[in-house]
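The values are calculated or read from the model by the stated rules, or taken from the named source; none is laboratory data. It should be emphasised that the depicted structure is a prediction, and the values quoted were computed from it without experimental measurement. Cβ: placed from backbone, ideal geometry, glycine included. Neighbour counts: every protein chain shown. Heavy atoms of the whole protein, side chains included, go into the accessibility calculation; ligands, DNA and RNA do not. Shrake-Rupley method; radii C 1.70, N 1.55, O 1.52, S 1.80 Å.
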Amino acid sequence: MAHTREEKMEAFGRLLDVLDRLRVECPWDRKQTNESLRPNTIEETFELCDALMRDDDTNICKELGDVLMHVCFYSLIGQEKGIFDVADVCNKQADKLIFRHPHVYGQVKAETAEKVLENWEQIKLKEKDGNKTVLSGVPAALPSLIKAYRIQDKARNVGFDWEEKKDVWKKVREEMDELEAELERGDKERSTEELGDFIFSVINAARLYHLNPDNALEHTNQKFIRRFNYVEQHSIRMGKPLTEMTLNEMDRLWEEAKALEKQ
């Protein structure tokens with residue numbers, strides 16, 4: 001059900017009113033700081049990501065509310081410090097979006113999503129207090145897999161990329177051969193370095209073919225969990241712990257789990 005703009009504004013105001021009261025009357029809310037809230041924010045963000053991966057609309061709505069509450073809470077703390085409030089947060093974001101979309105609010109032409117992204121990176125470099133270098137906008141705390149994708153994507157936006165995407169496979173094979181060679185030599189330090197290079201090249205290939213490697217890996221994680229849980233549950237029904245099953249017995253149950261997924 002879609003709400004009117006007035007209803008949306010009223011709902012947002014209601015959330016702010018609730019937070020204002022909790023900040024004064026609730027002992028837990030009253031003692032929170034940016035530092036104490038940060039771990040909770042990370043957890044709520046991952047819970048939202050989990051709901052998004054499952055395409056669970058009910059929980060997406062719920063988790064978005066939790067994340068929004070944190071945005072409002074940090075804004076309230078900023079207000080108490082006399083630095084900024086939620087209106088500043090909203091206005092700065094609106095200003096930034098307008099500035100970074102000259103193809104909508106100005107005269108710049110951008111007919112494709114790729115051109116929009118290219119313009120976006122150039123604009124960010126020109127912004128006051130914006131990124132000083134192309135890669136400075138990649139947060140240091142990002143998980144390594146996502147960070148690799150963002151690094152590659154930002155480099156692409158300024159023209160540093162493969163001319164033909166199929167050429168990336170030569171690099172992937174080259175890195176795999178180098179990894180295998182170092183593993184054969186038994187040099188752990190060099191093997192670790194080559195493993196990183198190989199994974200980086202695979203992420204690069206995924207990007208070039210418009211696949212999100214983080215989403216892909218999480219889908220595989222969930223698939224493995226489902227199948228392994230099936231194996232474990234059936235081992236319990238058989239009265240035979242996994243530690244006492246042969247690999248062939250476990251493989252047989254694994255294949256059953258795979259077959260069930262295709263039905």
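Results for (1) at pLDDT 75 or above; (2) outside any helix (DSSP H, G or I); (3) open to solvent by 60 Å² or more (accessible area, probe 1.4 Å), shown as yes or no for each residue.
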residue: His103; (1), (2), (3): yes, no, no
residue: Gln107; (1), (2), (3): yes, yes, yes
residue: Glu118; (1), (2), (3): no, no, yes
residue: Gln122; (1), (2), (3): no, no, yes
residue: Ala140; (1), (2), (3): yes, yes, yes
Does segment 217-263 hold any residues that are assigned to a helix (DSSP H, G or I), without any contact (Cβ under 8 Å) to a residue 12 or more places away in the chain, farther than 30 Å from Arg207 by Cβ and hydrophobic (A, V, I, L, M, F, W, C), and which are they?
-> Ile236, Leu242, Leu247, Ala259
Among the residues of segment 201-208, is there at least one that is free of Cβ contacts under 8 Å to residues at least 24 places away in the same chain, assigned to a helix (DSSP H, G or I) and under 23 Å from Met53 (Cβ atoms)?
-> no
May I ask you to say which residue of Lys165, Lys188 is within 12 Å of Asn204 (Cα to Cα) and of a type in the set (D, E, K, R)?
-> Lys165
Within segment 66-81, can one find any residue that is on the phi < 0 side of the Ramachandran plot, exposed (fewer than 15 other Cβ atoms within 10 Å of the Cβ) and either in contact with a Phe, Trp or Tyr (Cβ under 8 Å, 6 or more places away or on another chain) or not in a helix (DSSP H, G or I) (or both)?
-> yes
Output for Cβ contacts, cut-off 6 Å, separation at least six or different chains, first residue closer than 24 Å to Glu118 by Cα and in contact (Cβ under 8 Å) with a residue 12 or more places away in the chain in segment 84-106, second assigned to a helix (DSSP H, G or I) and aromatic (Phe, Trp, Tyr), reads Arg100/Trp120
Of all residues making up segment 43-65, the number that are open to solvent by less than 70 Å² (accessible area, probe 1.4 Å) and free of Cβ contacts under 8 Å to residues at least 40 places away in the same chain | 12
Could you check, for segment 212-225, whether at least one of its residues is charged (D, E, K, R) and either open to solvent by 70 Å² or more (accessible area, probe 1.4 Å) or more than 20 Å from Tyr149 (Cβ to Cβ) (or both)?
-> yes
Counted residues in segment 142-161 being surrounded by fewer than 17 Cβ atoms within 10 Å (Cβ to Cβ) and under 12 Å from Leu208 (Cα atoms) come to 2
Residues of segment 162-188 being in contact (Cβ under 8 Å) with a residue 24 or more places away in the chain, surrounded by 15 or more Cβ atoms within 10 Å (Cβ to Cβ) and not hydrophobic (A, V, I, L, M, F, W, C), which ones?
-> Lys171, Glu175
If you take the residues of segment 1-17 that are open to solvent by 70 Å² or more (accessible area, probe 1.4 Å) and assigned to a helix (DSSP H, G or I), which of them is nearest to Glu218 (Cα to Cα)?
-> Lys8
Please work out which one of (1) in a helix (DSSP H, G or I); (2) at pLDDT below 85; (3) of a type outside the set (S, T, N, Q) is the condition Leu97 fails and give its number.
-> (2)
